[in-house]
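*Asks:* The following block contains the structure, expressed as structure tokens.
The values are calculated or read from the model by the stated rules, or taken from the named source; none is laboratory data. On a predicted model such as this, the values are computed, not experimentally measured, just so you know. Heads up, the Cβs are rebuilt from the backbone with ideal geometry, glycines too, and the neighbour counts pull from every protein chain shown.
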Amino acid sequence: MNEPSQAGCRIIEVESMLCFDLYSTHHAVGQVYKPLLAPLGITYPQYLVLTILWANDNLTVGAISERLHLESSTLTPLIKRLEAQELVKRARDAVDERKVRVTLTEAGAAMRQAARHIPDCIMAAFGLPLEELIKLHHTLGTVRAALLKRQDQPES
């Protein structure tokens, strides 16, 4: 099949683009999360922050930012919304006042129990055997690492 081209550039159908597959899959996953998170009153990015804090409470905004691969300027408003919902508290670090620490409130810690079913629901929604999910997870991690490494390199 001949690919249409324009001025020497090959035009690819959107359905053939790997990045479109990633984008549309991201959107589909978000649609699965939405009804699971709605009863908790949180968004997917807020769920990620809480998940990190459920595993390791009392982290700096910088540490959470690093784990989520987000700029702190993106993360701070998200954490402020969690604080307004009384799920987390923010406080200056006792040793280094330039840093802000985030800790779970009692309500934030209790939400872990209410959210315990979510990972199983998501895995079931993927419709793949566990072995394939593990391979997919590894492959996506490898791709993400390569893309992040590329971002850190100066343009030539």
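*Asks:* Could you list all residues from the range 57-72 that are farther than 17 Å from Ala145 by Cβ, touching a residue at least 24 places away in the same chain (Cβ under 8 Å) and not charged (D, E, K, R)?
*Replies:* Correct list: Asn58, Leu59, Thr60, Val61, Gly62, Ile64.
*Asks:* Return the residues of the range 93-139 that are of a type in the set (Asp, Glu) and either modelled with pLDDT of 95 or more or under 18 Å from Tyr33 (Cα atoms) (or both); say none if nothing qualifies.
*Replies:* Glu106, Asp120, Glu131, Glu132 - these are the residues of the range 93-139 that are of a type in the set (Asp, Glu) and either modelled with pLDDT of 95 or more or under 18 Å from Tyr33 (Cα atoms) (or both).
*Asks:* State whether one or more residues within the range 32-43 are under 30 Å from Met111 (Cα atoms), touching a Gly at 6+ places or on another chain (Cβ under 8 Å), surrounded by 15 or more Cβ atoms within 10 Å (Cβ to Cβ) and not polar (S, T, N, Q).
*Replies:* No, the range 32-43 contains no residue that is under 30 Å from Met111 (Cα atoms), touching a Gly at 6+ places or on another chain (Cβ under 8 Å), surrounded by 15 or more Cβ atoms within 10 Å (Cβ to Cβ) and not polar (S, T, N, Q).
*Asks:* Looking at the range 54-76, which of its residues are part of a helix (DSSP H, G or I) and within 17 Å of Arg92 (Cα to Cα)?
*Replies:* Val61, Gly62, Ala63, Ile64, Ser65, Ser72, Ser73, Leu75, Thr76 - these are the residues of the range 54-76 that are part of a helix (DSSP H, G or I) and within 17 Å of Arg92 (Cα to Cα).
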